[in-house]
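Take a look at the structure set out below.
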Amino acid sequence: MQRAGMEHLSFVFADRATVPGWLGVDVRDEIAQHILDIRPDRILLVTDGTVDSLHGEYFAGLSSQDSSVNGETGGADAVAPTIVNKFVAPSGDACKSWASLSALMEWAFSVGATKRSVVVGFGGGALMNLAGLFASMLFRGSKLVYVPTTLLAMHDVTTSLKTSICFDGRKNNIGTFYAPMKILIDVAFCRSLPRSELFSGIGELAKNAALLGGKHAEGFRKALSSDRINGEHGGSGEEFAIDDGTLSVLLALGIEAKMSVLKEDAYEKTSGMIFEYGHTVSHAIEKAYGDGVVPHGLGVVYGMLSSSLVAERLGYMSAADRDEHDDLCNLLLRRWPLPSPMPPLELVFSLAMRDSKRGLCGESDDEVADVLLRKMGDVVPTSTNNLSKFPAAILEEWLETMGFPRTAGVDTKCA
C-alpha cells in the first residue's frame with residue numbers, strides 16, 4: 001500500500017525474497033500504520049538505550065490503537081487493542097552478544113509472544129543485526145519489520161539479509177540470513193545523529209563509490225564538497241550537516257548500489273562479496289579499540305586505505321589510481337582521525353588474521369584476504385568469492401605507517 005509522504009521501494013534479494021520498503025521524511029504516523037497493517041496480536045519492539053532516550057515516544061500511539069488479529073493459522077478476525085512490549089538492549093555493538101540474544105528469547109516468552117507477533121527492530125545497524133537474528137530464531141522464523149534510525153542502517157543494513165552477533169572477540173561470526181516483511185525508513189532520524197554516526201553512514205557510501213565509481217563516486221564527492229559544507233556552515237569547514245534532500249539522494253544511491261548486486265546474489269557469497277571491501281581491517285580496528293569507539297563505516301574507509309596499498313604492491317593498482325582512491329577516502333577521514341591512544345599493532349594484526357572470512361581463499365599462516373581493486377569501479381575478480389589473498393606483512397607495514405604502536409618483545413611472525 002502506498003501512503004502519502006512515503007516513496008515505495010522494492011528490495012529484491014535474487015530468488016530468495018522481495019521485501020517491500022517505504023521511505024519518507026517525518027512519517028511517524030505512516031510507519032505506525034504500516035506496522036498495524038500486519039495485524040499482529042503483539043508488537044515486540046526491540047530497541048537500544050540510546051534510541052530509547054532520543055525516540056522512546058516514537059511508537060507511543062501504537063498501543064492505543066485497535067488492530068484486527070488473525071487466528072494463528074488464519075481464522076476469523078477479532079478486534080483488540082494492539083499490545084506493545086519493549087525490550088531495551090545495550091547501545092552499539094555491545095548489544096550483539098549471546099547475553100542479549102538469550103535475554104531477548106526469555107523476554108519474548110515471558111510477555112506472551114506468539115506466531116502472530118511481529119518483531120520491530122528499531123535502531124541502528126547493530127541493533128537491527130540482533131533483532132533480525134532474534135526474529136529468525138523465534139518460532140523458527142517470526143514476522144520482522146526494520147525501522148532504522150541511523151544513516152548506515154538505512155542504506156547498508158536494510159539492504160542485506162544478514163543477521164548476526166559477535167562471539168569470542170570476533171565480528172559477526174554467528175548469524176543467519178533472514179528477510180523482514182517490511183523496511184520503513186524515516187529520514188528525519190538522521191537529524192539527531194551525532195557527527196560520528198553520520199560519518200559512519202557516509203563511510204559505507206565511500207565504499208560504494210570506490211567499488212562502483214560513476215554516479216556513486218560523484219554523489220559522494222558532492223556531499224563532502226568543501227565548498228558546499230563551508231557555504232552552508234559559516235565558512236569554518238568544521239561543522240558538518242546534510243539536509244534532508246541530500247540525505248534522501250544519498251540513501252537512494254546507497255540502496256541502489258547494494259541492490260543492483262544482491263538482486264543476483266542474495267546471500268553475498270559471490271558477486272555480493274565485493275561489499276566486504278575494507279572490512280578485514282575495519283573489523284580488526286573496531287574490536288581492538290573496543291566496541292563503539294570507531295564507528296563501523298569509518299573503520300571501513302580506513303580498511304580501504306590498507307587495501308589500496310596492497311593492490312598497488314601486488315601490481316593491480318597504479319600509483320595514480322591509488323591516489324584517486326585515497327583522495328576520495330580522505331574527503332571523510334581528514335574530518336575523523338583515529339583517536340588516541342591507538343591500540344597495539346599486534347592486537348589489530350591478530351584480529352585481522354582471525355577475520356570471519358578467513359579460509360575462503362585457502363590462506364596460509366602468513367596470508368590474509370580482502371577484496372581488492374584495480375581502480376575505482378574495477379574489482380579484481382577471483383575464483384574465491386572475489387576475495388584476494390596476499391602477504392600479511394603488507395598489512396603489518398600499513399598498520400605501522402598509520403602509527404599503531406608496537407609492543408616491545410611481541411612478534412607478529414610476519415615481519
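Each of the peptides 369-380, 96-107 was scored by the mean count of other Cβ atoms within 10 Å over its residues; in descending order, highest first, they stand as 369-380, 96-107.
The residues neighbouring E197, those whose beta-carbon lies less than 15 Å from its own, together hold a net charge of -3 under the Lys/Arg +1, Asp/Glu -1 convention. Here segment 328-412 is treated with +1 on each Lys and Arg Cβ and -1 on each Asp and Glu Cβ, and its dipole about the Cα centre works out to around 500 debye. Counting only protein heavy atoms and a probe of 1.4 Å, the accessible surface of the chain is 51% carbon and sulfur. Computed over the chain, the per-residue total of -39500 (n - 2.57) for DSSP H runs of n ≥ 4 gives a 222 nm mean residue ellipticity of -12000 deg cm²/dmol, rounded to 500. Summing +1 for each Lys or Arg and -1 for each Asp or Glu among the other residues whose beta-carbon sits under 10 angstrom from that of D93 gives +1. The lysines within cross-link reach of K215, meaning a Cα-to-Cα straight distance under 29 Å and a gap of 8 or more places when in the same chain, are K162, K182, K207, K258, K263, K269, K375. Restricting attention to the chain, close to 50% of DSSP beta bridges with both partner residues there are antiparallel.
Put simply, when 176-183, 129-136 are sorted by average Cβ atoms within 10 angstrom per residue, most first, you get 129-136, 176-183. Close amide H pairs (under 5 Å, H built 1.01 Å from N) link N172 with C166, F167, residues at least 5 positions away or on another chain. Here segment 250-365 yields Rg over Rh of 0.97, to two decimals, using C-alpha coordinates and the Kirkwood radius.
Whole number in Å², please: accessible area per residue of the chain, 1.4 Å probe, ligands, DNA and RNA not counted. Per residue, the chain has 39 Å² of solvent-accessible surface. For the chain, the dipole from Cβ point charges (+1 on Lys and Arg, -1 on Asp and Glu) about the Cα centre works out to 780 debye, to the nearest 20. Mean projection of the Cα convex hull over all viewing directions, computed for the chain: 20.6 nm².
Within the shell defined by Cβ-Cβ distances under 12 Å, the residues around A352 carry a net charge of -1, with Lys and Arg each +1 and Asp and Glu each -1. Across segment 96-185, the relative contact order, built from alpha-carbon pairs under 8 Å that are at least six residues apart, equals 30 percent.
May I ask you to derive the relative contact order of the chain, considering only C-alpha pairs under 8 Å and at least 6 residues apart, and to give it as an integer percent? Taking the mean separation of contacting Cα pairs over the length of the chain, I get 14 percent.
Among S260, S307, S282, the largest mean-square fluctuation in a Gaussian network model of the chain, built with springs joining Cα atoms closer than 10 Å, belongs to S260. Our analysis of segment 130-196 gives Rg over Rh at 1.01, with the two radii drawn from alpha carbon positions and Rh computed by the Kirkwood formula. With the highest mean first, a sort of the peptides 248-255, 145-152 on other beta-carbon atoms found within 10 angstrom per residue produces 145-152, 248-255.
The values are calculated or read from the model by the stated rules, or taken from the named source; none is laboratory data. Quantities reported herein were computed from a predicted structural model and do not represent experimental measurements. In this analysis, Cβ positions are derived from the backbone assuming ideal geometry, glycine residues included, and neighbour counts consider all displayed protein chains. Keep in mind that these areas ignore ligands, DNA and RNA; they rest on the heavy atoms of the full protein, side chains included. Shrake-Rupley method; radii C 1.70, N 1.55, O 1.52, S 1.80 Å.
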